[in-house]
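The values are calculated or read from the model by the stated rules, or taken from the named source; none is laboratory data. Fair warning: this is a prediction, and the values are worked out from it, not measured in the lab. Counting neighbours? That spans all protein chains shown, and the Cβs are built from the backbone with ideal geometry, glycine included. The protein model used for the area step is the full one, side chains on, heavy atoms only, and it has no ligands, DNA or RNA in it. Shrake-Rupley method; radii C 1.70, N 1.55, O 1.52, S 1.80 Å.
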Amino acid sequence: MEQQLNDLLAQAKKAIASSTSLEQLNNLQVEYLGKKSVLNEFLKGMKDLPHEERLIVGQLANKIKGELTALWQATRKELELAELTAKLNEEKIDVTLPGFNINSAGRHPLMLVIEEITNVFNGLGYDVIFGPEVESDEFNFQKLNLPKDHPARDMQDTFYITESTLLRTHCTNMTARMLSQMQDNEEVIAVISAGNTYRRDDDDATHSHQFMQIDGFLVAPNISFANLKWTIQYFCERMFGENAKTRLRPSFFPFTEPSVEVDVTCICCGGQGCSICKKTGWIEIMGAGMINPLVYEACGQSKDLTGFAFGIGIERIAMLKYGVDDIRRFYTNNIKFLEQFRNFN
Ligand code: DAH
């Protein structure tokens, strides 16, 4: 029996020492040391031996088990280390190889302009809000003093979804929405709202049936036209530089009274006259005015509130700022065009 055990030890030692992978080694553990191993079977069979012999064989069997376990563990460590070393060698990085060019996107020029305008108004305490592009006739027109038969609708009402919903024609819808929500204890609201707008228009170098606007308004006690004028001048200086001059021309919007069209000195020629400003030295950039009391009334507020509103076309400003010659370039996703704005911020 002793001989048998010693043979088993020799055989197992040889097998463990010559195993070349962890998988192989794990199988050997099952074979020689596991529950169903030869050694275990051996230990189970010992109960039939006479007492003296059982002592000797038992001791030997346990010694063999200890020796094999130690050998198995040491071999496992070696193999693990060998496998790790092989893996590290295989995955070695050659830092001298040329790198890959990772293509990251830049921000869209219209977004750059929106961010810049937003920063200016944030600094003046305006909140930024976003509204629905599918809007009801009520908020897009009626509450803004554009009743169903109003001729001023003709220039805008276009993309109807149902008889009473349409793609909003301006971001002024948010003025109607915010005023309608205004609470009795609220004294001041100052918000700007940016987004897409849609209306019937020519599709040419300076017109598009889809474009972006930033619309804003301020309602607070004792607001006068002087406050609007100051805000417009401040905005233009921040956007176009401190030499920017502004000019207000009387205009008409049903939701403001009086209404103005705002021109800024041409940023290409500084007011001298060039092809961009059609030799006038001025460029129109927004509509504005004092909020019409009829709008307050339609939104369920007192007619005595005071405030002003303005609407800025984003594409127009982006075209001026970046010298873009055709509005369609913003929408045709030409990578070469867009890449030029990658490092702008
Ligand atoms: N909503 C006007 C448009 O789309 C622009 C505008 C003019 C907005 C005057 C205003 C405003 O808020 O006060 O042409």
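Can we say Gly106 is in contact (Cβ under 8 Å) with a residue 40 or more places away in the chain and in contact with an Asp or Glu (Cβ under 9 Å, 6 or more places away or on another chain)? Criteria met by Gly106. Say we look at segment 258-267 and pick out the residues that are surrounded by 19 or more Cβ atoms within 10 Å (Cβ to Cβ) and in contact with a Lys or Arg (Cβ under 8 Å, 6 or more places away or on another chain); which of these is nearest to Gly289 (Cα to Cα)? For segment 258-267, the residue satisfying everything is Val260. Restricting Thr158, Thr197 to residues that are part of a loop (DSSP other than H, G, I, E, B), assigned by TED's automatic domain parsing to the domain that holds Tyr126 and among the polar types (S, T, N, Q) narrows the list to Thr158.
Screening Ile335 against (1) open to solvent by 60 Å² or more (accessible area, probe 1.4 Å); (2) of a type outside the set (Ser, Thr, Tyr); (3) touching a Cys at 6+ places or on another chain (Cβ under 9 Å); (4) free of Cβ contacts under 8 Å to residues at least 24 places away in the same chain leaves a single unmet condition, (3).
Taken over segment 243-253, the criterion of being away from the ligand (no atom under 13 Å from the Cβ) and in contact (Cβ under 8 Å) with a residue 24 or more places away in the chain is satisfied by Asn243, Lys245, Arg247.
Phe310 falls short of the stated requirement of being open to solvent by less than 20 Å² (accessible area, probe 1.4 Å) and in contact with a Lys or Arg (Cβ under 7 Å, 6 or more places away or on another chain).
Condition check ((1) in contact with a Cys (Cβ under 9 Å, 6 or more places away or on another chain); (2) open to solvent by 30 Å² or more (accessible area, probe 1.4 Å)) across all residues:
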{"position": "Thr256", "(1), (2)": "no, no"}
{"position": "Cys277", "(1), (2)": "yes, no"}
{"position": "Glu284", "(1), (2)": "no, yes"}
{"position": "Val295", "(1), (2)": "no, no"}
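Residues of segment 54-77 that are among the charged types (D, E, K, R) and surrounded by 13 or more Cβ atoms within 10 Å (Cβ to Cβ): Arg54, Lys65, Glu67, Arg76.
The set of residues in segment 140-155 being under 19 Å from Ala309 (Cα atoms) and either in a strand (DSSP E or B) or in contact (Cβ under 8 Å) with a residue 40 or more places away in the chain (or both) consists of Gln142, Lys143, Leu144, Asn145, Leu146, Ala152.
In segment 258-268 there is no residue matching the filter, namely being part of a helix (DSSP H, G or I), in contact with a Ser or Thr (Cβ under 6 Å, 6 or more places away or on another chain), in the same structural domain as Met155 (by TED's automatic domain parsing) and within 12 Å of the ligand (Cβ to nearest atom). Going through (1) assigned to a strand (DSSP E or B); (2) within 22 Å of Tyr126 (Cα to Cα); (3) open to solvent by 30 Å² or more (accessible area, probe 1.4 Å) one by one, Asn227 falls short only on (1).
Among residues that are within 12 Å of the ligand (Cβ to nearest atom) and either of a type in the set (Lys, Arg) or open to solvent by 20 Å² or more (accessible area, probe 1.4 Å) (or both), Phe240 is not included.
Residues in segment 169-220 that are among the polar types (S, T, N, Q) and more than 11 Å from the ligand (Cβ to nearest atom) were compared, and the one that is least open to solvent (accessible area, probe 1.4 Å) is Ser208.
Is it fair to say Phe225 is in contact with a helix residue (DSSP H, G or I) (Cβ under 9 Å, 6 or more places away or on another chain) and in contact (Cβ under 8 Å) with a residue 60 or more places away in the chain? Quick ask: steps written out before the conclusion?
Details: in contact with a helix residue (DSSP H, G or I) (Cβ under 9 Å, 6 or more places away or on another chain): no; in contact (Cβ under 8 Å) with a residue 60 or more places away in the chain: yes.
Judged against the criteria, Phe225 is not a match.
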